[in-house]
Amino acid sequence: MSPFLFHPHDRVLFEGDSLTDGLKNNYGRLMGWDTTWAHRVDEWLFVHRPDLALECKNLAVGGNSTRNLLARVDAAAAFKPTVVLFTIGTNDAIIGLPLDEFRTHLTAWCDRLQAAGCRAFIHIGGFPPCPHADTETWAILERCLPYQAIAREIVESRGGFQIDVGPYLHPRAEALDRRWNGHTVYSSGVHYNALGNELIAGAVLSAMGFWNDYL
């Protein structure tokens, strides 16, 4: 568990790709895939920790890479976030963005937000291939590993940390599959359904010190 806790009146920015944005078309809304772990964390904190009086904003956009993060960094900085939780790296891996370029983009993005007042960067990673994941999913997640390592290095160099959701999510996904064959936490490929996002939110809240069952 991380010793980091939110401060009262923190301005919390959620940023990144589709893992944080969600599927915003009609089908996504119908299936409940438009509400991600970020929305659930925001709601849980609003309900259970109203004393913190947090202001949260989600700027994530599906399909984004670090190129996109950097392109809209001024909009993110205008929010003046004090804490940033983000997912990134999957699309960089898919498009084959050179690792040096990934590092340059993410470093510049963090520098800009730090100058705007951000004191803590938290990268959400470690998304595991859950039961019955196909070979394409395995391949994508394997390609993500070096990007995840760089993201961890960058946030830790700024006093932040990376939350590995795998140890929390994976055993629960396996337990679900054993109990009800064919049930899954995936919506498609590397994306998660409503249950998957609930589990990821649990991992994040636990790692942030709000719950005590993070494994």
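Where a number appears in this text, it was derived from the coordinates with a stated rule and is not lab data. This structure is a prediction, so every number in the text was calculated from the model and none was measured. Heads up, the Cβs are rebuilt from the backbone with ideal geometry, glycines too, and the neighbour counts pull from every protein chain shown.
For segment 180-207, the set of residues classified as of a type in the set (A, V, I, L, M, F, W, C) and without any contact (Cβ under 8 Å) to a residue 24 or more places away in the chain consists of 180, 195, listed by residue number.
When segment 161-205 is filtered for residues that are acidic (Asp, Glu) and touching a helix residue (DSSP H, G or I) at 6+ places or on another chain (Cβ under 7 Å), only 198 remains. For residue 106, state whether it is of a type outside the set (Phe, Trp, Tyr), over 16 Å from residue 21 (Cβ atoms), touching a residue at least 40 places away in the same chain (Cβ under 8 Å) and in a helix (DSSP H, G or I). The answer is yes for residue 106. Checking each residue in segment 147-164 for being over 19 Å from residue 93 (Cβ atoms), surrounded by fewer than 20 Cβ atoms within 10 Å (Cβ to Cβ) and not hydrophobic (A, V, I, L, M, F, W, C) picks out 156, 157, 158, 159.
Once segment 34-88 is narrowed to residues that are touching a Lys or Arg at 6+ places or on another chain (Cβ under 6 Å) and aliphatic (A, V, I, L, M), the residue that is surrounded by the fewest Cβ atoms within 10 Å (Cβ to Cβ) is 77. Just one of the listed residues (43, 15) is out of contact with any His (no Cβ under 8 Å at 6 or more places or on another chain), without any contact (Cβ under 8 Å) to a residue 60 or more places away in the chain and acidic (Asp, Glu), and it is 43.
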